[in-house]
Every structure is written in structure tokens, then in C-alpha cells.
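The values are calculated or read from the model by the stated rules, or taken from the named source; none is laboratory data. Given the structure is predicted, the values throughout are model-derived calculations rather than measurements. In this analysis, Cβ positions are derived from the backbone assuming ideal geometry, glycine residues included, and neighbour counts consider all displayed protein chains. Side chains are part of the model used for accessible areas, which takes the heavy atoms of the whole protein and leaves out ligands, DNA and RNA. Shrake-Rupley method; radii C 1.70, N 1.55, O 1.52, S 1.80 Å.
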Amino acid sequence: MTDVRDIAIHYAHQNRDRFLADLKDFVRIPSISTLEEYKPEVLRAALWLADHLRSIGIENVEVMPTEGHPVVYGEWLKRPGAPTVLIYGHYDVQPPDPVEEWQSPPFEPVVRQDQLFGRGASDMKGQVMAVVSAVEAALKTDRMPVNVKFLIEGEEEIGSAHLEDFVKKHARKLKADVCLNTDAGMIGADLPSITYGLRGLAYMEVRVYGPSKDLHSGLFGGVVHNPAQALAELIAGMHDKNGRVTLPGFYEKARRPSRREREEYKRLPTNDKFFLSHTGVPKLWGEPNYTPAERVSLRPTLEVNGMLSGWTAPGGKTIIPAYAMAKISCRLVPDQRPADVFKQMKAYLKAKAPKTIRWEVIEMHSSEPVIVDLAHPAVNAMADGLERVWGKRPVFHREGGSIGAVIYLQKYTRVDSVLTGFGLPDDGIHSPNEHLHLPTWQRGIDTVIHFLFNLEK
Ligand code: BES
Ligand code: MN
């Protein structure tokens, strides 16, 4: 007798081209959440997704307003007694800049070899559509194994600022047995993974002010401390020679990786060579007492995301700029708190900033570090799904990125997340020429079908 899940998988295979066409339509919408002028496009993506969910039979679909970008909600609850899966995703994307580095326009998705190129193809419109397509296939069998709810937000890439209030307010509506979150990626096309931890984030701007206006560098160079230089000196002092962050108290609450965890990490294929080939740097950098795989997920870090000061257009202009700014973010591990890290940055500047300049820290957004419970039965349902499709057990690891929603769902609805995904480390997420590996994506759809049927009671 054919298993119902095989009917669903057959349907998914039959509909591959159309699933891809749907994904391309979604990627065409430039839903860049961080840029005010793209607000109508962000809304258009929400409306597109809502329509699509309705078209596959999801009920009570709503585009629900927040103080920022809206949340797309929908549900299918016609299997009373069966488990309910809350499907998390985000429909917003990062800016495509630098646009001139794209081989094809970021919002005109194209397939080259077996990759779909476009901003959001991997992070995370492709992941959202993998799950939506799997749900469509399961619904088509008329033996949908579980109930589902969708929570697809439009502000993940800007720190999920308004999602906390949303989850708090709609905690009952969002109640489920588990959340499926496919925003965490996988380690390699031949190595499925389940993520049990995410780093948190504290994002800030450090602003340094010098003279009251830009000055002629010939008339004043030598008597004025250049703010660009002062900022560079301050930034240079934020790490010691060993790549350790020097903000006072930064490591105090940072949980040390357990011996067992470090033992497990030895099995990961992410060695020096992996990081060299995925980054193109001539040599790796960072804390010598930890392996690269440990440094990008089990250890906290401080990064400069961007700097701005003075004359940067073509040609020369001899000035001492009045102002310099750096965007700085720290990735945090349990049990660090973003609020403490903002304080530590201010304490560092208070102690180290010279009297020659004035400074200010703008706290932008933050996200708490997360650990999820691997003993949840849905983790097994996913591990089995991945194993059936890839032919090998997934590895369990922590990821370096951040996803705000996970903690809000734990905190306000007591729903824990299964974190996985079908995006690969070399998809170029947040980079030019972002792409999605289509064979992996298609395996992802099959995996989610197995996951849903594995949950059936
Ligand atoms: N999908 C990523 C997060 C991610 C990437 C998790 C790789 C695990 C592995 C997500 O869209 C993202 O980039 N999030 C931001 C959140 C931040 C703005 C609060 C991030 O991590 O920079
Ligand atoms: Mn993402």
C-alpha cells in the first residue's frame, strides 16, 4: 500500500516547475525592510504571500498590522487532536547593495546551472516557499497529517523590532505544539543539520564628533584630533592581540562551551579549509584557543559593519572631517544580554575616549541568544525526515546568526522551535549574487513533507 506521504511527495515532484515559478514571483518583489522608500514593496510581498496561502487552501489568512511591517498569519486547523505546527518565516530581505556586483539584477530571479539567483532566494523566500510547497502537497492528499499556523514576519532582517509585542498580544492565537523555523540553514549540500542554538545580537552606532564643521586640513591639521582617526583608534582597541573583545565585562556571563559540545564539534566538516574557501581571505583570524567552527557559533564577537567619515567620493578633498561614525554589532552567546553589552560599550568609551573628541552610542536593535530543546519529539520528526531524504543522520550544532522570533515564542507562547533549513553557507546571503541551490531546495520540500507526516499521531 502506498503511504500517504508518498502521494504528497509525488505531487511535490510533479509540481517542481510551478513551485519554482511561484518562488520567482515572490523574489521579484523587493521587500527590503530596512529602507523606508521600499515600504510599499514590503507590503506587496505580504499581500502576495497572503494570496498564495489562500490559493493553497490556508484559511483565515490575514495581513496583520504592527507598528512596523505587517505579519502574515494563516491557519489550517481541520485535524482536531492532531499536533499543531507553527510555521515561522520572514518575507523581508536585506538590501542588494553593492548592486553593481550582481551578475544579473537582484530582483529579476534567474536560474543559472542549478542555482536560482536573486536577493532573498535563499534568505529566506526560498525557505518559506519550501515549507509552503510542502504544506500544499500534504493538503492535496486530503489526509493532511497535522494542523498548521503560519507566522511570516516582515522585520526579521531589521531585528524583529515589533514582533515581540505581536507575539505577546497574540500568544493564544499562535499557540502550537512546535514551531518549524527553516531560517537556520544547513552546513553543506551533503550534510543536513539541525541547529540547537543561535547567537544574539547587540547592534549600535558609535558616533564621534570633532570640530564644529569640516576644516581645511592644511590650516588645522596638527592641532585638531581627526574624528576619523580617533574612531579608528577606539575601534582598534576593541580587540586585543588574540582577537578577544576588550569591552569591560564582555565575557563575564558568556557560557563556556561544554566539553561534550566541543567533542561533538570535532565531527563538523567546517575546518580551516572550509572557512578559507568560503571567504576568500588569505588567512583566518580570531581567538587561537577555539577552532573556527567554535568561534563562529559558540563564542561571542564584535564586528564593524560599516564606517563613515569625511570625503569618500572620487577625487581628493583636503579636510579634517567634523564627524565619524561606525556601525558595530556584537554576536552574543548564552547568557550574555544585549542590554549589558550596550552598557559595556559605553563603559569602554568612557574609559578610552580621548578628551579631544565627543562621542555618543546609539542603540539600534538587539536579539537575545537562544538554546532550543533537542528532546522535543518534533526534533526527531525532523531528524528522521532529513535522514530519509539525505540518507544520513543530521549533525546537531549551534549557528552564529540570529533570529529574534525564537526567543519571543519561547517566552510568550511556550512554543519551542525546530531550527533547520535548506540554505547553504555559500549561498551568499546578505551578499551580492545571493543564490539558492535548487536540488537542495527540492530535497528540503520532501523533508518537510516527511516532517509533517512524522508528527501525525
Ligand atoms: N537567516 C538569517 C539568520 C541565520 C543565518 C541563522 C545563518 C542561522 C544561520 C537571518 O535572516 C538573519 O540574517 N538575521 C539577522 C538578524 C539580525 C538583524 C537581528 C542576522 O543574524 O544578522
Ligand atoms: Mn533569514
Summarise the long-distance tail of P(r) for segment 326-457 by giving the % of C-alpha pairs beyond 18 Å. 68 percent
Which net charge results for the neighbourhood of Glu62, defined as the other residues with beta-carbon distances under 14 angstrom from its beta-carbon, given Lys and Arg at +1 and Asp and Glu at -1? 0
Once the other residues with Cβ under 13 Å from the Cβ of Asp51 are scored (Lys, Arg +1; Asp, Glu -1), what is the net sum? -1
How high is the FRET efficiency from Leu191 to Asp214, r the C-beta distance, R0 60 Å, rounded to 0.05? 0.70
Global size of segment 221-267 as Cα Rg and Dmax, reported in angstrom: 18.1, 57
Which of the peptides 233-241, 184-192, 16-24 is most tightly packed, and how do the rest follow, going by the mean number of other Cβ atoms within 10 Å of each residue? 184-192, 16-24, 233-241
Which percent, nearest 5, of DSSP beta bridges in the chain are antiparallel? 70 percent
Positive-end residue of Leu174, Met238, Leu452, charge dipole of the chain with Cβ unit charges: Met238
Cα→Cβ-extended label distance, 7 Å offset, between Asn289 and Val111, nm: 5.1 nm
Per residue of segment 100-105, in order, report the coupling 6.51 cos²θ - 1.76 cosθ + 1.60 (Karplus, θ = phi - 60°) as ³J(HN,Hα) in whole Hz, putting x for Gly and Pro. 5, 8, 7, 6, 9, x
Net charge around Arg443, counting only other residues with Cβ within less than 11 Å of its Cβ (Lys, Arg = +1; Asp, Glu = -1)? -1
Over segment 63-109: Kirkwood hydrodynamic radius from C-alpha pairwise inverse distances, Å: 14.7 Å
Calculate, for Lys78 and Arg44, the FRET efficiency according to 1/(1 + (r/R0)^6) with r their C-beta to C-beta distance and R0 41 Å; round to the nearest 0.05. 0.85
Any chance you could get the radius of gyration and Dmax over the Cα atoms of segment 262-314, in Å? 15.4, 51
Roughly how many nanometres apart are two label points built 7 Å out from the Cα toward the Cβ at His170 and Arg143? 3.2 nm
How far, in degrees from 0 to 90, does helix 227-236 lean away from the longest principal axis of the Cα atoms of the chain, to the nearest 10? 60 degrees
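Please work out how much length the chain gains when fully extended from Glu59 to Asp97, using 0.36 nm per residue of separation minus the C-alpha to C-alpha distance, in nm with one decimal.
10.0 nm
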Determine the alpha carbon to alpha carbon distance for each of Lys78/Lys169; Lys253/Lys343; Lys140/Lys173; Lys283/Lys327; Lys149/Lys175; Lys78/Lys125 and list only those over 18 Å. Lys78/Lys169; Lys140/Lys173; Lys283/Lys327; Lys78/Lys125
Evaluated at 37 °C and 0.692 mPa s, the Stokes-Einstein D of the chain based on the Kirkwood radius over Cα pairs, in µm²/s, stands at 140 µm²/s
Per residue of segment 437-451, what does 6.51 cos²θ - 1.76 cosθ + 1.60 with θ = phi - 60° give for ³J(HN,Hα)? Whole Hz please, x for Gly and Pro, Karplus curve as stated. 7, 5, x, 5, 4, 5, 5, x, 4, 4, 4, 5, 4, 4, 4
Calc'd 3J(HN,Hα), segment 53-61, phi into Karplus 6.51 cos²θ - 1.76 cosθ + 1.60 (θ = phi - 60°), Hz, glycine/Pro = x, comes to 4, 4, 5, 9, x, 6, 10, 6, 6
Taking Cα atoms, how many degrees apart are the long axis of helix 16-27 and the longest axis of the chain, rounded to 10 and kept between 0 and 90? 30 degrees
Ile87's amide H: which non-local residues (gap 5+, or another chain) put their own amide H closer than 5 Å, with H modeled 1.01 Å from N in plane and none for Pro or chain starts? Lys149, Phe150, Leu151, Leu180
What is the diffusion coefficient of segment 294-388 in µm²/s, taking the Kirkwood radius over Cα pairs and the Stokes-Einstein relation at 37 °C with a viscosity of 0.692 mPa s? 188 µm²/s
Specify the angular offset, from 0 to 90 degrees and rounded to the nearest 10, of the alpha carbon long axis of helix 338-352 from the longest principal axis of the alpha carbons in the chain. 10 degrees
Under a 1.4 Å probe, counting only protein heavy atoms, Val224 has an accessible area in Å², nearest 10, of 50 Å²
Mean ellipticity per residue at 222 nm, deg cm²/dmol - from DSSP H runs of n ≥ 4 across the chain, formula -39500 (n - 2.57): -9500 deg cm²/dmol
For segment 362-437, the dipole about the Cα centre with charges only on Cβ (Lys and Arg +1, Asp and Glu -1), to the nearest 20 debye, works out at 280 debye
Over the chain, with the other protein chains present, what is the accessible area per residue in square angstrom, probe 1.4 angstrom? 45 Å²
For Asp97, what accessible area in Å² do you get when you roll a 1.4 Å probe over the heavy atoms of the protein chains, rounding to the nearest 10? 90 Å²
Between Lys355 and Leu276, take the C-beta separation as r, use R0 = 41 Å, and let me know the FRET efficiency to the nearest 0.05. 0.45
Averaged over every viewing direction, what's the projected area of the C-alpha convex hull for segment 25-74? Give it in nm², one decimal, please. 3.4 nm²
May I ask you to give the percent of accessible area on segment 278-377 that is carbon plus sulfur, with a probe radius of 1.4 Å? 57 percent
Binned Cα-Cα distances of segment 83-163, short to long, each 5 Å bin given as a whole percent: 3, 13, 19, 19, 16, 14, 10, 5, 2, 0
